[in-house]
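Read through the structure below, which is laid out as C-alpha cells, and then see the notes.
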Amino acid sequence: MRARFPFRTALAAACLLAGSAAALADEVSVAVAANFTAPMQKIAAQFEKDTGHKALLSFGATGKFYAQIKNGAPFEVFLAADDETPARLEKEGGIVAGSRFTYAIGKLVLWSAKPAIVDGQGEVLKKGGFDHLSIANPKLAPYGAAAVETMKALGAYDALAPKLVQAENIGQAYQFAASGNALLGFVALAQVVDETGKLKGGSMWVVPPKLYSPIRQDAVILAKGQGKAAAAALVKYLQGDKARAVIRGYGYDL
C-alpha cells in the first residue's frame, strides 16, 4: 500500500532535524585583542555559517582583558596580542589545559592617514615635522610595547617622547591617527590593509621585525569555557584552513 502523507512526514522530519541543529548551536563569548578586529569579524561570520555557533566578540587591550578575566568577566575564549598573558593565565590555572596555541604573529607599522607622509624607511621619525605620534599604552598593549622598542632601537625615543599620544589600546591608537589628532601612529598592519594585504589609504612603513620582539599572539580556552562545545569549536576553527587564509590575508604570519 502506498504510504499516505509522505510530504507531511518528510516535513516533520526536516523540522525535527532543524530543531536538533538549533539546539546544538551555542554562543561563545570571546575577548579579542584590538589589532585582530577586522580578521576576527570575518572569521566569526564564517564560523557561524559553517558551524551554527555564534561568537560574541569584545575588542580591547590585552592587559585590560587580563584584569577583567581575573575579576570574573564571563569570557570563554581569549585571543591575546601576546603570548605572555595567556601563558600567565595558564600558570594561574585560568585556562583549559592544552588549549593554548599561537594563532598569529603580528606586524607593527608606522602609518599616517595622509599619503606621502610616511616614507619606506621610516625616516619621517627622525626628520620631524609633526606634533603628535599615537601609540597604544605599552603597559597594556603589546603593540605599544613594540612601538617603544622600535623607537629605542632607532635611537629616537627621547626625541619623540614629548610627541607621543598614548591610547588605551591599538584600536584607539589607530583612531587618533585616522582622525588626524595625530599625524602618525604606530599601529598593527591588519588595521590599515584590506583582506588581500593592500593598503587601504594613507602611507605606511612596515617596521622591520628585528627592531622589536616578536608579537606572538596566543589564543586559549578560558576556565569559563571548560566543556563548552562552542568554545572548543571556535578554537579548532581558528586552526583550520579558512581562518588561516583570512589571517594571512591581513598580513599576519603563522
Open item on the list: Just the residues that are β-branched (Val, Ile, Thr) and part of a strand (DSSP E or B), please, taken from the stretch 186-212.
Closed with: Val187, Val193, Val206
- [ ] Look through the stretch 76-96, keep the residues that are under 15 Å from the mean Cα position of the chain (by Cα) and outside any strand (DSSP E or B), and return whichever of them is farthest from Val187 (Cα to Cα).
- [x] Pro86
Task: Scan of the stretch 75-92 for residues that are under 17 Å from Lys228 (Cα atoms) and open to solvent by 10 Å² or more (accessible area, probe 1.4 Å), ordered by number - done: Phe75, Glu76
TODO: Assess whether Phe186 counts as being of a type in the set (Phe, Trp, Tyr), surrounded by 15 or more Cβ atoms within 10 Å (Cβ to Cβ) and either at pLDDT below 95 or under 25 Å from Leu254 (Cα atoms) (or both).
DONE: yes
- [ ] Show the residue pairs that are 6+ apart or on different chains and have beta-carbon atoms under 6 Å apart, the first residue being within the stretch 136-150 and more than 14 Å from Gly171 (Cα to Cα) and open to solvent by less than 20 Å² (accessible area, probe 1.4 Å), the second being of a type outside the set (S, T, N, Q) and part of a helix (DSSP H, G or I).
- [x] Thr150/Leu211
Task: Considering residues of the stretch 155-178 that are among the small types (Gly, Ala, Ser) and either assigned to a helix (DSSP H, G or I) or open to solvent by less than 50 Å² (accessible area, probe 1.4 Å) (or both) only, the residue farthest from Ala81 (Cα to Cα) - done: Ala159
Open item on the list: I need the full set of residues from the stretch 97-129 which are open to solvent by 10 Å² or more (accessible area, probe 1.4 Å), farther than 21 Å from Thr62 by Cα and in a loop (DSSP other than H, G, I, E, B), in order please.
Closed with: Ala113, Lys114, Pro115, Ala116, Ile117, Val118, Asp119, Gly120, Gln121, Glu123, Gly128, Gly129
TODO: Search the stretch 217-238 for residues that are open to solvent by 10 Å² or more (accessible area, probe 1.4 Å) and pair each with any residue that is assigned to a helix (DSSP H, G or I) and of a type in the set (Gly, Ala, Ser) when their beta-carbon atoms are under 6 Å apart and the residues are at least 6 apart or on different chains.
DONE: Ile221/Ala231; Tyr237/Ala243
TODO: Tell me which residues, restricted to the stretch 214-235, are within 25 Å of Gln68 (Cβ to Cβ) and not small (Gly, Ala, Ser).
DONE: Ile215, Arg216, Gln217, Asp218, Val220, Ile221, Leu222, Lys224, Gln226, Lys228, Leu234, Val235
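The values are calculated or read from the model by the stated rules, or taken from the named source; none is laboratory data. This is a predicted model, so every value here is computed, not measured. Here Cβ is always computed from backbone atoms with ideal geometry, including for glycine, and neighbour counts include all displayed protein chains. What goes into the accessible areas is simple: the full protein's heavy atoms, side chains included, and nothing from ligands, DNA or RNA. Shrake-Rupley method; radii C 1.70, N 1.55, O 1.52, S 1.80 Å.
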